[in-house]
Amino acid sequence: MILKTLGIVVKRMDYGEADRILTVLTFNMGKVKAIAKGSRKILAKLGGHLEPFCLVDFIFHEGKSFYIVTSAVVQNHFKKVHSDIDKTAKAFYIGELLDKFLEENENHPEVFELFVKYLENLESADDPILIPVFSAKILEALGFKPEVSECLHCREKLQPVQNYWDDIEGGVICQSCHEKFGHGGKIDNDIVKILRLIFTHDFNVSTKLKIDDQYKKDVGAVLENYIEGIIEKELKSKKFLKEISDN
């Protein structure tokens, strides 16, 4: 069977003497594993079209263990993402997040479209809100949206007093329920408001919200901890991203 799809390589590894195994997020097939035979050879036609974080027109042939790449043509290189080390680190971080979050062959076209928007925004700008917004939208798309409008326990609307964040249950707990059940740690109400705004607006609007840089980092940290709790592991690329961001 021959399959045509738009895709983005999120991970690749050398295989054998000249091949590569690719993890590709596709528009209409979900996350797939594919082999690009001979792609590491100097004169390989496929070689330049299989870089991570490029938007590519793929043609796959269905194989026994992997899809086989028979054609790949880059539609968007996202050149700045590859030439700027800070942007590259942010692309690898989100690529690893998607690889850990998504199961193979489960199609989520909305996730693919969000990833394209993320790379387009990363290419044209580099706002600290970008990763938190993408993280929030992925959580929402995959059914892990945290509760930020009402208490997880009593379901009362959250009030502008001290509230608490629970990574395990996913969302905010009011002060009364915190005192009763002892769950969660303190969270700034402004962070809750920002999370509510991000979940209320679409991706493009959310990335343009006027927010203090420190709050962008704080919101990012809340979502990062929540995501790592879901996938039950720390993202390896986080250390690299932090080292680049600190320099």
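Brief remarks follow.
- Here Glu103, Glu110 are screened, and the one residue that is acidic (Asp, Glu) and out of contact with any Gly (no Cβ under 9 Å at 6 or more places or on another chain) is Glu110.
- The test for being aromatic (Phe, Trp, Tyr) and either in a loop (DSSP other than H, G, I, E, B) or in contact with a helix residue (DSSP H, G or I) (Cβ under 9 Å, 6 or more places away or on another chain) (or both) does not hold for Phe60.
- Residues being buried (at least 20 other Cβ atoms within 10 Å of the Cβ) and under 16 Å from Lys236 (Cα atoms) - total across segment 98-130: 1
- Of all residues making up segment 18-60, the number that are aromatic (Phe, Trp, Tyr) and within 21 Å of Lys100 (Cα to Cα): 2
- Residue that is in the same structural domain as Lys233 (by the TED database), assigned to a loop (DSSP other than H, G, I, E, B) and either among the polar types (S, T, N, Q) or closer than 22 Å to Leu235 by Cβ (or both), where the choices are Gly95, Gly143: Gly143
- The number of residues in segment 56-80 that are under 20 Å from the mean Cα position of the chain (by Cα) and surrounded by fewer than 20 Cβ atoms within 10 Å (Cβ to Cβ) comes to 4.
- For segment 39-46, the criterion of being over 14 Å from the mean Cα position of the chain (by Cα), surrounded by 21 or more Cβ atoms within 10 Å (Cβ to Cβ), more than 25 Å from Ile227 (Cβ to Cβ) and polar (S, T, N, Q) is satisfied by at least one residue.
- Pairs, first of a type in the set (Gly, Ala, Ser) in segment 105-127, second buried (at least 18 other Cβ atoms within 10 Å of the Cβ), C-beta under 9 Å, six or more apart: Ala125/Thr207
- Pairs where the first residue, in segment 213-228, is assigned by the TED database to the domain that holds Ser135 and within 16 Å of Lys186 (Cα to Cα) and the second is buried (at least 19 other Cβ atoms within 10 Å of the Cβ) and among the small types (Gly, Ala, Ser), C-beta under 7 Å, 6+ apart: Leu223/Ser135; Leu223/Ala136
- Only a single item in (1) under 19 Å from the mean Cα position of the chain (by Cα); (2) assigned to a loop (DSSP other than H, G, I, E, B); (3) surrounded by 15 or more Cβ atoms within 10 Å (Cβ to Cβ); (4) not aromatic (Phe, Trp, Tyr) is not met by Leu241, and it is number (2).
- Given (1) part of a helix (DSSP H, G or I); (2) touching a Leu at 6+ places or on another chain (Cβ under 8 Å), number of the condition Gly38 does not satisfy: (1)
- Residue list for segment 150-188, restricted to those being of a type in the set (A, V, I, L, M) and assigned to a loop (DSSP other than H, G, I, E, B): Leu152, Leu158, Val161, Ile168
- Any chance Leu197 is assigned to a loop (DSSP other than H, G, I, E, B), over 24 Å from Glu96 (Cβ atoms) and of a type outside the set (Gly, Ala, Ser): no
- The condition (being modelled with pLDDT of 95 or more, in contact with a Leu (Cβ under 7 Å, 6 or more places away or on another chain) and not assigned by the TED database to the domain that holds Leu235) is satisfied by just one residue among Phe115, Phe53: Phe53.
- Filter pass, Ile191 being part of a helix (DSSP H, G or I), among the aliphatic types (A, V, I, L, M) and touching a residue at least 24 places away in the same chain (Cβ under 8 Å): yes
The values are calculated or read from the model by the stated rules, or taken from the named source; none is laboratory data. The structure presented is a predicted model; accordingly, all values stated were derived computationally and were not measured. Ideal geometry is used to build each Cβ from the backbone, glycine not excepted, and the neighbour counts take in all protein chains shown.
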